[in-house]
Structure formats: structure tokens, C-alpha cells
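All remarks here apply to the structure that follows.
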Amino acid sequence: MTILQTIILGIVEGITEFLPISSTGHMIIVSSVMKIDADPFTKLFEIVVQLGAILAVVVLYWRRFFDFSRLSFYRKLIIAVLPALIFGYLFAKRIDQMQDNPVIVGIAMLVGGVILIFVDRLFREPRIDTTEGIGIFNALRIGFWQVISMIPGVSRSAATIVGGLQQRLTRKVAAEFSFFLAVPTMFAATAYKLFQAYRENPTLLRDHHNVLELLLGNAIAFLVAMIAIRTFITYLQNHSFRVFGYYRVIVGILIIILVGTRFLT
């Protein structure tokens with residue numbers, strides 16, 4: 001990877017991680033277009049760069065993350081992340097195989113887009129307007145929705161937000177809980193990927209150039225994610241998810257066309 005490619009992927013991660021448009025899908029497509037998708041370091045980078053996005057959530061919501069008097073907050077996050085940890089461990093190899101299939105990404109983007117176009121009509125009467133109002137079983141059900149996002153192109157953010165809306169959370173609260181849930185989920189995924197890389201190909205983490213690229217990518221993802229999160233929350237105050245649905249449908253169709261013309265493989 002070059003410095004320019006590192007910057008591009010860092011920006012893509014920062015913009016897409018917390019929007020319901022699939023960061024994994026975009027990273028796979030962008031790296032494929034740049035012809036670096038087969039590089040083992042690229043695959044590692046696409047996971048580890050999530051740390052920067054995680055830090056953005058922690059910094060923006062630091063009062064909630066470090067208020068140790070609110071044990072229920074941590075309890076809900078632990079319960080919500082369990083399904084992803086269990087299914088991720090059991091089906092790790094299958095998930096990695098799907099990551100290399102742009103057809104799956106295209107179809108998932110398309111289907112997810114259609115759902116987002118109509119999701120506001122499906123769940124019209126939210127009852128929970130604060131994160132404190134989320135119950136244990138609400139959190140667990142949202143956690144199972146997150147499992148669906150292991151299919152590349154689905155979007156972890158989209159799956160958990162739709163899960164939150166299904167649990168009668170408002171758009172803002174559903175988005176915020178999705179952000180909070182991203183922290184333990186993405187941290188666990190990153191830690192596992194780093195451990196796996198060190199065990200199977202330790203030279204990737206011993207290369208000083210690779211380490212610098214990881215640091216740069218995470219720094220860029222952090223800064224861009226800070227802006228993306230604030231903008232997204234402000235947008236949701238008065239707007240629906242429809243625009244993200246239309247975007248996903250367009251991108252999904254484009255990906256399928258590119259695969260059909262063998263531009264993407």
C-alpha cells in the first residue's frame with residue numbers, strides 16, 4: 001500500500017463506519033478498484049483501521065463511557081455484543097471467505113437499501129427516547145440483529161439501527177446505541193485480527209512501514225469519523241433513512257454491473 005492508498009482507505013472508513021451504508025463493503029470495493037485487495041496487509045488494515053473510528057465514539061461520548069456509576073450501561077453493551085462474539089468465533093472462516101466476494105457485497109447493499117427506504121414506515125411509533133430506557137432484552141435483540149452484519153455489505157450500523165427501530169427506539173437513540181455497541185464489537189474484531197495476523201504472518205506487524213500506515217490510517221479514520229458521527233446525528237433529528245437507502249440501491253446495482261463486466265472480481 002502507498003501513503004495515498006492509506007489516506008483514501010482511512011477516509012472511507014471514517015465516513016462509512018457509522019453510517020448505514022456498510023464500511024466493509026466500501027473498503028472491499030475501494031481496495032479492489034485500487035488493485036490492492038489481494039495483499040494480506042490490506043486485509044489486516046481494513047480491520048485494524050476501525051480502532052480510529054472506535055476512538056472517535058469514545059471521545060465524543062466520553063461522559064457516558066467513563067461514568068462508572070451507570071453499571072446498567074456496561075451491562076447492556078456486554079449483553080448486546082455477546083451474539084456477535086459467539087457467531088463471529090464459530091463462523092470466522094466462512095465470514096473471511098465472504099469478504100472476497102463482491103457479488104455478496106452488491107446484493108447485500110441492494111437489499112439493505114430497499115429495507116432502509118421503507119424502514120421508517122415499518123416502525124412509526126417509537127417509545128424509547130433515551131439510551132437509559134433500553135432494557136436488557138432490547139439490547140440482546142439488537143445484538144442478534146448485529147450478527148446479520150457479518151455478511152459483507154449489510155452494514156453493522158444499518159443492522160443495529162434497524163434492530164433498534166424494531167425495538168421501538170427513536171432514530172437518534174437507535175443510532176447512538178449502534179455507536180456504543182460498535183466499541184466492544186469492533187475492538188474484539190480488531191484484537192482477534194491482530195492476534196491472528198501475529199500468529200500466522202508476524203512479519204506484517206514487524207514491518208515499520210506497515211506500522212506507520214496503520215497509525216496514519218487510524219488517525220485519519222478518527223478525525224473523519226468525528227465529523228461523520230456529529231453530522232449523522234444532526235441529520236437524523238429531522239430526516240429519515242431514505243436517502244441512505246437510495247444510495248445503497250444505486251451502489252449495489254453498480255457493483256453487480258461491475259462484477260458482470262469483470263471490472264470487479
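Nothing in this text is a laboratory measurement; each read-out follows from the coordinates by a stated rule. All values reported here derive from a predicted model rather than from experimental measurement. Cβ atoms come from the backbone with ideal geometry, glycine included; neighbour counts cover every protein chain shown.
What angle do you read, to the nearest 10 degrees and between 0 and 90, between the alpha-carbon axis of helix 171-200 and the longest principal axis of the chain?
Helix 171-200 and the main axis of the chain meet at about 30 degrees.
Averaging sequence separations of C-alpha pairs under 8 Å and six or more residues apart, then dividing by the length of region 139-265, give the relative contact order as a whole percent.
Details: 57 pairs, mean separation 18.8, N = 127.
15 percent.
With an 8 Å cut-off on Cα pairs and a minimum separation of 6 or more residues, tell me the relative contact order of the chain in percent.
38 percent
Mind listing which chymotrypsin sites (Phe, Trp or Tyr not before Pro) in region 56-120 are in a DSSP loop and have 11 or fewer other Cβ atoms within 10 Å?
Passing both the DSSP loop test and the Cβ count: 66, 68.
Would you mind checking the tilt of helix 102-122 against the longest principal axis of the Cα atoms of the chain, expressed as 0 to 90 degrees and rounded to 10?
10 degrees
If one takes the longest principal axis of the Cα atoms in the chain, at what angle in degrees, from 0 to 90 and to the nearest 10, does the Cα axis of helix 136-148 lie?
Tilt relative to the chain: about 30 degrees.
Output the pairs from 93/193; 172/193; 76/172 with a Cα-Cα distance over 22 Å in this structure; if there are none, say none.
Beyond 22 Å: 172/193.
Please tell me the relative contact order of region 100-184 in percent, rounded to the nearest whole number, where contacts are Cα pairs under 8 Å and at least six residues apart.
On the way: 86 pairs, mean separation 28.8, N = 85.
It rounds to 34 percent for region 100-184.
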